[in-house]
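> Provided herewith is a single structure, encoded as structure tokens, for subsequent inquiry.
The values are calculated or read from the model by the stated rules, or taken from the named source; none is laboratory data. Owing to the predicted nature of the structure, the values given are computational and were not obtained by experimental measurement. As a convention, Cβ positions derive from the backbone with ideal geometry for all residues, glycine included, and neighbour counts pool all protein chains shown.
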Amino acid sequence: MRIHPVPAFSDNYIWCLTNLESGKTLIVDPGQAKPVLDYLSDSGFSADTILITHHHPDHTGGVKELQQQYPDIRIVGPTDSPFKGATNTVHAGDEVVWEGITFNVLAVPGHTLDHIAYYSDTQVNDKPVLFCGDTLFVCGCGRLFEGTPEQMHTSLQTLRDLPDDTAVYCAHEYTLANLRFARHWLPEDKALAEFENACKDLRERGKPTVPTTIGQEKQLNPFLRWDDAMVIEAAENYSTTHRLATGSDCAVFAAVRHGKDNF
Ligand SMILES: [Zn+2]
């Protein structure tokens with residue numbers, strides 16, 4: 001299996017998963033068709049399945065054109081969604097089988113209310129994989145356009161509970177911007193400083209910082225560290241200044257999100 005990021009717009013990644021024996025390719029969140037069609041024709045692959053995580057146009061805008069090119073393509077997307085182009089709608093607990101790989105559908109509302117993620121335990125190159133759209137980013141998380149902090153905190157808890165070696169395929173290259181905020185929020189965190197240097201080096205060489213892993217995000221990402229003393233202290237200081245609630249895991253998360261939104 002090959003997993004390849006097709007860059008789109010200024011900072012999206014459209015993840016393409018290909019069975020190298022058959023050339024059949026699964027595409028996650030094609031916001032644009034052209035870069036995907038170029039990648040497929042250059043590689044000699046053909047698309048047979050699209051997975052949609054949520055309705056935003058930068059994740060769905062290329063679906064129609066791909067469907068014109070591949071009329072039998074299966075388009076999997078969330079039920080109760082403003083995106084109406086799915087041929088197969090799914091919700092939490094459903095399974096999507098592709099080339100013998102089973103993806104479990106997880107509900108992860110917060111960024112949008114329809115947001116779902118696709119998780120497979122060990123069937124892609126012997127590793128767990130997660131396609132999480134705009135829920136979890138490297139050292140960041142999605143903005144709360146539709147959901148509440150409570151919903152997003154629960155969704156991130158669901159992702160945090162996945163195995164540490166899960167490869168996390170986020171839909172954007174937001175890492176350096178996220179790290180600027182994380183370093184401002186947690187200036188004493190040496191691991192974050194080291195990680196920022198490593199990511200700057202990758203970006204200077206034109207390489208993606210994605211995928212990350214659940215284990216790495218649990219150590220570094222301030223949006224997943226609501227029970228980490230350093231993050232709790234920063235959140236309580238911020239919440240006191242900004243008159244926000246304190247005293248719960250969700251309040252810590254909400255303070256970090258508020259801080260990033262106003263950074
Ligand atoms: Zn989005």
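> Working only within region 141-152, note down all residues that are surrounded by fewer than 23 Cβ atoms within 10 Å (Cβ to Cβ) and either away from the ligand (no atom under 16 Å from the Cβ) or touching a residue at least 40 places away in the same chain (Cβ under 8 Å) (or both).
Arg143, Leu144, Thr148, Pro149, Glu150, Gln151
> Filter region 115-125 down to residues that are surrounded by 15 or more Cβ atoms within 10 Å (Cβ to Cβ) and either touching a residue at least 60 places away in the same chain (Cβ under 8 Å) or in contact with an Asp or Glu (Cβ under 8 Å, 6 or more places away or on another chain) (or both), then give me how many there are.
Counting residues in region 115-125 that are surrounded by 15 or more Cβ atoms within 10 Å (Cβ to Cβ) and either touching a residue at least 60 places away in the same chain (Cβ under 8 Å) or in contact with an Asp or Glu (Cβ under 8 Å, 6 or more places away or on another chain) (or both) gives 5.
> Yes or no: Ala191 among the aliphatic types (A, V, I, L, M), surrounded by fewer than 18 Cβ atoms within 10 Å (Cβ to Cβ), at pLDDT 95 or above and closer than 20 Å to His258 by Cβ?
No.
> Okay, next question. If we scan region 223-234, do we find a residue that is at pLDDT 95 or above and within 25 Å of His56 (Cα to Cα)?
For region 223-234, residues at pLDDT 95 or above and within 25 Å of His56 (Cα to Cα): present.
> Residue check: is Leu17 among the aliphatic types (A, V, I, L, M), in contact with a Leu (Cβ under 9 Å, 6 or more places away or on another chain) and not in a strand (DSSP E or B)?
no
> Separate question: I'd like to know if region 90-107 contains one or more residues that are within 12 Å of the ligand (Cβ to nearest atom) and part of a loop (DSSP other than H, G, I, E, B).
No.
> If you don't mind, there's one more thing I want to ask. Kindly list, by first and then second residue, each pair from a residue in region 89-114 that is under 22 Å from Asp126 (Cα atoms) to a residue that is part of a strand (DSSP E or B) and within 16 Å of the ligand (Cβ to nearest atom), limited to pairs with Cβ atoms under 6 Å and residues at least 6 apart or on different chains.
From region 89-114, the pairs are Phe103/Tyr118; Val105/Ile116; Leu106/Ala117.
> Mind checking whether some residue in region 212-220 is within 29 Å of Ser81 (Cβ to Cβ), within 16 Å of the ligand (Cβ to nearest atom) and modelled with pLDDT of 95 or more?
No, that holds for no residue.
> Let me ask another. Looking only at region 55-84, count every residue that is buried (at least 18 other Cβ atoms within 10 Å of the Cβ), over 17 Å from Pro35 (Cβ atoms) and away from the ligand (no atom under 16 Å from the Cβ) and tell me the total.
Counting residues in region 55-84 that are buried (at least 18 other Cβ atoms within 10 Å of the Cβ), over 17 Å from Pro35 (Cβ atoms) and away from the ligand (no atom under 16 Å from the Cβ) gives 2.
> Considering only residues of region 1-54 that are without any contact (Cβ under 8 Å) to a residue 12 or more places away in the chain and among the hydroxyl-bearing types (Ser, Thr, Tyr), which is surrounded by the fewest Cβ atoms within 10 Å (Cβ to Cβ)?
Only one residue fits best here, namely Ser10.
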